[in-house]
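Values quoted throughout were computed directly from the atomic coordinates according to the rules given, and no laboratory measurement underlies them. Since this is a predicted model, take the numbers as computed values, not measurements. With ideal geometry, Cβ positions are generated from the backbone for all residues, glycine too; neighbour counts draw on all protein chains shown.
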Amino acid sequence: MKTEVITVSSQGKGIDEALSQVESAAGELRLERKDALHLRLIAEEMLNMMRSIIGDLEGKFWIDSSDDSVLLHLQAVTLLDRQQRKQLIAASSSGRNEAHRGIMGKILAFFEPMPIDDTPEYLLDSCEASENGDLTWSLNAYKERLRRNLENGEAKEEWDELEKSLISHLADDIKVSIRGYDVDLVISRKTVN
């Protein structure tokens, strides 16, 4: 089942409608109360990301579901070009984008367009690049990288932040794909244990 596509924005447009759609989908899927609540919390986290992104971002939200999983989609066209991004980062006292720390920062980083050759190493280490240059970041790949680094005595702070993240505990996977200025965020949750 695919739900209606709802236009949402970082200014709050469509957010209530999208959350109502999540509750309706949970009802149609006959999810238990706890699972329905978890799905809503995931959607709230996803939609709150819209408010964390600089600019008047507008995107499309919808749900795909099957008998055993639910996929929450958020698709947007980023508004900052490469030069605007560099100017914004240069304005920080450290000269770095501090928002890219932690799991939510890694996801939000993909909403800032940049060519692959400009993508920082700390983002690429959990990414896969396709033949045509599209990038995909996965929560599961990120967790695996952190596990390996933790065994080597590194990444403790990142691992601790991941352990505290609500969305990393509720989602089965998160994938962020970037194609030029188009960004797709897909959060999956199994409905059958």
Contour excess over end-to-end distance, with Cα ends at Leu41 and Gln75 and 0.36 nm allotted per residue: 10.4 nm
Simple label model, 7 Å out from Cα along Cβ direction - Lys164 to Met1, nm: 3.7
Global geometry of segment 149-193, whether rounded, prolate or oblate, following the gyration tensor of its Cα atoms and the 1.5 cut on a/c: oblate
Under-5 Å amide H pairs with Ser69, H placed in peptide plane, nonlocal only: Thr191
Mean separation of Cα contacts under 8 Å (6+ apart) over length of segment 6-75, as relative contact order %: 39
Interchain or long-range residues, amide H under 5 Å from Val8's placed H: Gly59, Lys60, Phe61
